[in-house]
Amino acid sequence: MKIHEYQARQILQAAGAPVPNFEVIDTPDQAAAAVKKLGGGNLVVKAQVHAGGRGKAGYVVLSDKPADIEAHARRMLSVPMVSKQTGPQGVKVSKILLAPAVEIDKEYYIGMVIDRAKGCPVIMVSKEGGVEIEEVAAKNPDAIIKEWIHPHLGLQAWQVRNLTAALGLTGEAAKDCGKTIETLARIFMEKDCSLAEINPLVMTKGTGGAPGKIMAIDAKFTFDDNALFRHPELEAMFDSTEENPFELRAKAANLSYIALDGNIGCLVNGAGLAMATMDIIKLHGGTPANFLDVGGSVTKDGAIEAFRIILADSKVKGVLVNIFGGIAKCDVIADALIAAAKEIGFKIPVVVRLEGTNVEKARQMLEEAKIPALIGAADLTDAAKKVCKAVA
Ligand code: GDP
Ligand code: MN
């Protein structure tokens with residue numbers, strides 16, 4: 001589960017990290033009051049969306065004029081944001097964060113993820129903060145310094161010193177940055193994160209002879225869905241408007257749905273079979289639009305909902321139903337297919353490959369139902385060839 005930057009700031013603030021205060025608004029006419037609450041001055045206006053790359057997309061702007069701030073908020077709330085991470089259709093912005101802008105001397109990256117190869121968390125820091133870290137990782141991997149965290153010993157003081165030294169920090173700045181690294185690591189462990197990052201963590205410009213300060217001005221957390229039951233306070237931060245509506249519908253029906261870019265809808269049971277189905281579609285020149293895994297213990301209602309979800313996506317020009325009846329029974333799927341055909345009507349070809357428990361009964365039911373759009377397949381290769389041909 002992902003959360004917004006303003007929610008990440010709340011978590012960081014509560015944990016004692018240095019975060020500038022902020023206000024969140026959801027309509028442009030709330031801008032004036034928010035500016036007032038923040039005491040005016042130079043403010044940063046930031047769209048709250050789960051996608052990154054906001055700076056380059058023009059959805060992070062600085063201004064000290066209340067009228068401009070309101071105008072930017074109005075623009076961001078009405079024009080979907082298109083960034084490197086969103087796709088050409090962009091994402092709708094529903095909330096804006098306003099915060100006092102800080103004067104930046106240096107931008108750093110600090111982040112933490114699970115290193116799957118090593119089987120433990122890893123903390124990464126880089127002097128090349130602010131920009132997309134993926135780019136740094138690809139072009140200049142040596143600019144990212146890592147420390148792996150022993151699952152029992154936790155983050156050690158010497159590791160923190162290594163990281164702050166790698167950022168070139170000394171004295172108070174090193175101490176403050178070290179504290180923030182420790183705070184991030186603590187949040188990561190306590191809240192079962194799969195990703196926790198501050199980008200940028202900045203060194204502000206000092207004023208009047210006073211040195212600059214370490215501040216977190218953008219943060220991102222992703223939580224492990226399987227651990228969410230332990231964190232009701234995080235579950236409450238869930239924003240369904242940021243999720244793919246088809247994926248939400250599938251989740252509500254206990255189905256797993258993954259949206260992809262092609263035009264062939266895949267209705268399968270089991271993740272392994274889904275992978276094999278997509279591979280064989282690719283092999284025969286097609287591209288999957290999604291895969292919907294109905295799981296082992298699918299009911300008729302669940303399967304009908306699965307068809308509704310797949311057919312509601314206008315990208316889908318053909319469907320491949322690939323069911324191996326083990327615990328799931330082929331006749332249940334056939335029954336759902338017939339009901340879905342009646343209810344929704346199949347306006348596109350639906351290729352069906354059934355095998356396993358009660359397959360004879362299922363084939364007979366489908367034959368008797370005489371659904372025009374249905375195309376039977378002898379085996380998986382035959383099914384893949386037929387569906388690819390049907391959408392070609
Ligand atoms: P992202 O592009 O979605 O990651 O959004 P960020 O919050 O990281 O902002 C992008 C960039 O805008 C940062 O790397 C900074 O260079 C700049 N920026 C953001 N907030 C401030 C601020 O308070 N003051 C200044 N001077 N620049 C800022
Ligand atoms: Mn950022």
- Query: When K127 is evaluated against the numbered criteria (1) within 16 Å of ligand 1 (Cβ to nearest atom); (2) over 21 Å from T222 (Cα atoms); (3) in contact with a Ser or Thr (Cβ under 6 Å, 6 or more places away or on another chain), which criterion, by number, is the only one it fails?
  - Reply: (3)
- Note on the structure: Reported set for the range 80-92 where residues are free of Cβ contacts under 8 Å to residues at least 12 places away in the same chain and within 23 Å of A31 (Cβ to Cβ) is G90
- Message: If I ask for residues that are buried (at least 16 other Cβ atoms within 10 Å of the Cβ) and either under 15 Å from the mean Cα position of the chain (by Cα) or of a type in the set (F, W, Y) (or both), which ones from the range 225-246 would you list?
- Response: M237, D239, E242, F246
- Message: So G130 passes all but one of these: (1) modelled with pLDDT under 95; (2) away from ligand 2 (no atom under 16 Å from the Cβ). Which condition number does it fail?
- Response: (2)
- Query: Which condition number in (1) more than 16 Å from ligand 1 (Cβ to nearest atom); (2) without any contact (Cβ under 8 Å) to a residue 60 or more places away in the chain; (3) part of a helix (DSSP H, G or I) is the one that V122 fails?
  - Reply: (3)
- Note on the structure: Selection from the range 139-172 of residues in a helix (DSSP H, G or I) and among the aliphatic types (A, V, I, L, M) yields A143, A157, V160, L163, A165, A166
- Task: With respect to K95, determine if the residue is buried (at least 18 other Cβ atoms within 10 Å of the Cβ), within 16 Å of ligand 1 (Cβ to nearest atom) and of a type in the set (D, E, K, R).
- Result: yes
- Note on the structure: Scanning the range 189-246 for residues that are within 16 Å of ligand 1 (Cβ to nearest atom), small (G, A, S) and at pLDDT 95 or above gives A196, A216, A219
- Message: Kindly evaluate M112 against the criterion of being within 27 Å of M189 (Cβ to Cβ) and either touching a Phe, Trp or Tyr at 6+ places or on another chain (Cβ under 9 Å) or near ligand 1 (Cβ under 10 Å from one of its atoms) (or both).
- Response: yes
- Query: For the range 208-255, how many residues meet the condition of being in a strand (DSSP E or B) and closer than 30 Å to D293 by Cβ?
  - Reply: 4
- Note on the structure: Exactly one of V319, V298, V350, V294 is more than 23 Å from D382 (Cβ to Cβ) and buried (at least 16 other Cβ atoms within 10 Å of the Cβ), and that one is V298
- Take the range 208-223 and flag every residue that is away from ligand 2 (no atom under 16 Å from the Cβ) and either touching a Leu at 6+ places or on another chain (Cβ under 6 Å) or without any contact (Cβ under 8 Å) to a residue 24 or more places away in the chain (or both). G208, G209, A210, F223
- Query: So which helices (runs of 4 or more DSSP H) are wholly in the range 4-90 and hold at least 3 residues that are closer than 20 Å to A219 by Cβ?
  - Reply: 5-14, 54-57
- Message: Can you pull out every residue in the range 347-383 that is in contact with a strand residue (DSSP E or B) (Cβ under 7 Å, 6 or more places away or on another chain) and farther than 14 Å from I323 by Cβ?
- Response: I348, P349, A373, I375
- Among (1) away from ligand 1 (no atom under 16 Å from the Cβ); (2) at pLDDT 90 or above; (3) in contact with a helix residue (DSSP H, G or I) (Cβ under 7 Å, 6 or more places away or on another chain), which single condition is K315 missing? (3)
- Kindly check whether there is at least one residue in the range 106-115 that is of a type in the set (F, W, Y), within 20 Å of L201 (Cα to Cα) and assigned to a strand (DSSP E or B). yes
- Under 8 Å by Cβ, and 6 or more places apart or on different chains, what pairs join a residue from the range 26-55 that is under 30 Å from G129 (Cα atoms) with one that is within 13 Å of ligand 2 (Cβ to nearest atom) and assigned to a helix (DSSP H, G or I)? K46/E5; K46/R54; A47/R54; Q48/E5
- Looking only at the range 144-172, count how many residues are modelled with pLDDT under 95 and in contact with a Ser or Thr (Cβ under 6 Å, 6 or more places away or on another chain). 0
- Message: Out of everything in the range 39-70 that is more than 10 Å from ligand 1 (Cβ to nearest atom) and hydrophobic (A, V, I, L, M, F, W, C), what residue ends up being surrounded by the most Cβ atoms within 10 Å (Cβ to Cβ)?
- Response: I69
- Message: Under 8 Å between Cβ atoms, which residue pairs at least 6 apart in sequence (or on different chains) link something in the range 188-207 that is among the acidic types (D, E) and in a strand (DSSP E or B) with a partner that is at pLDDT below 95 and within 16 Å of ligand 2 (Cβ to nearest atom)?
- Response: E197/I133
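The values are calculated or read from the model by the stated rules, or taken from the named source; none is laboratory data. None of these values were measured; they are calculated from a predicted model. Every residue, glycine as well, gets a Cβ built from its backbone with ideal geometry; the counts of neighbours run over all protein chains shown.
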